Every structure is written in structure tokens, then in C-alpha cells.
Amino acid sequence: MTVARKTLLRSFFARSPERVAEDLLGAVFVHGRSIGTVVETEAYLGEFDPAAHARFGQTARTRVLYGRPGFAYVYQTRHHVCLNVATSVRGTPGCVLIRALRPVRGIAAMRSRRGVDDVWRLANGPANLCQAFDVRLIHDGVDLTRGAGPFFREGEPPTSFYRDERIGISRARRWLLRFLSAGEAVSRPPGPRARLI
């Protein structure tokens, strides 16, 4: 018998980015018929985090981060789109970057969107997962707690995971704010400073 999983509530996201990033591991991301399990996240701590977009304060680009938690912050870097979810409370601009998903359903459509057959490479990186799950800039500001799509729902937390350095940034890179489920296809394997939990 399949157990129905509840959509993650706003209260889940109304916590520190670090806690949300850890607890999102194992959660399920749903967008239309495409479904995947979160296997890698990265926390950004707001205005005092030198690697965060919010370090410059509120701008037109970062307005979602200053609103209510649980909303999508989608941005483009070079030619790639990245999906984040706003955390903390209104006025406190924390967020979590979704770095990798394990595809569960809708894999044929993901392969078509990505032009990749290997299921392990379909969503193993922020840009890859957005392409595979058809997340676009139009989803910036979407409420991810409504259950209408895209949204997150409850899943099974991993039996073990790593805390590791953030990647793809130049500032505060050594902060252990990247979370990776053990044994999954992620954007980059655990590094020498990673801690298994």
C-alpha cells in the first residue's frame, strides 16, 4: 500500500537555511508528471553570507528572498537556470539551492528535455535538474507549498548524508553548507573536508 505524502508546509521552510537544506534531503519534488527525490542541497545564509545574492540587499532580482518562505527563487546564471527556495521569515533573505534530484517518474520526458539517456546524469546538478524538470524563469516567485506544481512533498530522509564545502562559488566556499545524500548521483562527490553524518 502506497502512503500518501503531504505537501511540505510553509512552516517547514520558515527556519534557518541550514536546517531546511539538511531536512530537504529525501523530500520529493513534483512538477507536472516529473517527480524526483532531493539528494543534494546548498544553504545560503542571507545578507552576511558573502556568497549569497542577498549580500547586496533587496533588489528586483532578490525580492522573493525577502518575502514569505516557501517561494521559488529562480535565476539565470550564464545560460543556466537554477532553482532555490526561500527560507527563514519575511524580511530575512535565506535560501536553499536545489543541487541534485534522483529522477523517480517522468524519466522519458526528462531524457527528451536533456538529450541524455543515462538516468544518473539527468538531474545531477542545478542546471541539469532545471532542464530535466522543465523549471524555467517563469517559475520565479511560485509558491512551492500550494501543491499545484511545482512543489515539494514529504519523502524518506536518507540513512546517511555528508556535509561538505559549497561549490561553484569563490566566497565563503569552505563553509560546510552543502548537503549530499550518501550513495546518490550528485553534482560533485564529497570532498576531503566532507563529514559523514
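Among the DSSP beta bridges whose two residues both lie in the chain, what percent are antiparallel, rounded to the nearest 5?
100
Let me know the shape class of segment 97-197, please: from the alpha-carbon gyration tensor, a ≥ b ≥ c as square roots of the eigenvalues, rounded when a/c is under 1.5, otherwise prolate if a/b is greater than b/c, or oblate.
Details: a/c = 1.61, a/b = 1.46, b/c = 1.10.
It comes out prolate by the Cα gyration axes.
Using a basic spin-label model with each label point 7 Å from the Cα along Cα→Cβ, how many nm lie between Arg78 and Phe48?
Between Arg78 and Phe48, the simple spin-label model gives 3.2 nm.
Could you calculate the contour length gain from Ala108 to Arg15, that is, 0.36 nm times the residue separation minus the distance between their Cα atoms, to one decimal place in nm?
Contour length minus the Cα-Cα distance gives 29.9 nm.
Calculate the spin-label point distance for Ile197 paired with Arg68, positioning each point 7 Å from the Cα along the beta-carbon direction, and give it in nanometres.
If labels sit at Arg68 and Ile197, their model points lie 2.8 nm apart.
Just to confirm my numbers, what's the Cα centroid distance between segment 41-64 and segment 117-132 in Å?
Result: 25 Å between the Cα centres.
Which cross-chain or sequence-distant (5 or more) residues have an amide H under 5 Å from the amide H of Val104, H modelled 1.01 Å from N in plane?
Excluding prolines and chain starts, which carry no amide H, the hits are Ile35, Gly36, Thr37.
Residue separation times 0.36 nm, minus the C-alpha to C-alpha distance between Arg174 and Ile138: what's the value? Kindly include the intermediate steps, with their values, before the conclusion.
On the way: separation 36, 0.36 × 36 = 12.96 nm, distance 3.22 nm.
Between Arg174 and Ile138, full extension yields an extra 9.7 nm.
Please name which of Leu97, Ala51, Leu177 has its Cα lying farthest along the dipole of the chain towards the positive end, using unit charges on Cβ (Lys, Arg +1; Asp, Glu -1) and the Cα centre as origin.
Positive-most Cα among the choices belongs to Ala51.
Using a ≥ b ≥ c from the Cα gyration tensor of the chain (square roots of the eigenvalues), is it rounded, prolate or oblate, where a/c under 1.5 gives rounded and otherwise the larger of a/b and b/c decides, a/b for prolate?
rounded
How high is the relative contact order of the chain? Use alpha-carbon pairs under 8 Å, at least six apart in sequence, and give a whole percent.
27
Quick one: which residues, 5+ away or cross-chain, put their amide H under 5 Å from the amide H of Arg166? H built at 1.01 Å from N.
Trp175, Leu177, Arg178
For the chain, what is the calculated [θ] at 222 nm in deg cm²/dmol (nearest 500), taking -39500 (n - 2.57) for each run of four or more DSSP H residues and dividing by its residue count?
-3000 deg cm²/dmol
Mind running the shape call on segment 22-82? Use the C-alpha gyration tensor, a ≥ b ≥ c as the square roots of the eigenvalues: rounded below 1.5 for a/c, prolate if a/b tops b/c, oblate otherwise.
prolate
Sequence gap at least 6, Cα distance under 8 Å: using those rules, report the relative contact order of segment 26-113 to the nearest whole percent.
Taking the mean separation of contacting Cα pairs over the length of segment 26-113, I get 34 percent.
With only Lys, Arg, Asp and Glu charged, each at its Cβ (+1 for the first two, -1 for the last two), find how big the charge dipole of the chain is about the Cα centre; round to the nearest 20 debye.
On the way: 31 positive and 17 negative charges, 53 e Å.
Approximately 260 debye in magnitude.
Since every read-out is calculated from the coordinates, none of them should be taken as a lab result. Just so we're clear, the structure is a prediction, and the values are computed from it rather than from any experiment. With ideal geometry, Cβ positions are generated from the backbone for all residues, glycine too; neighbour counts draw on all protein chains shown.
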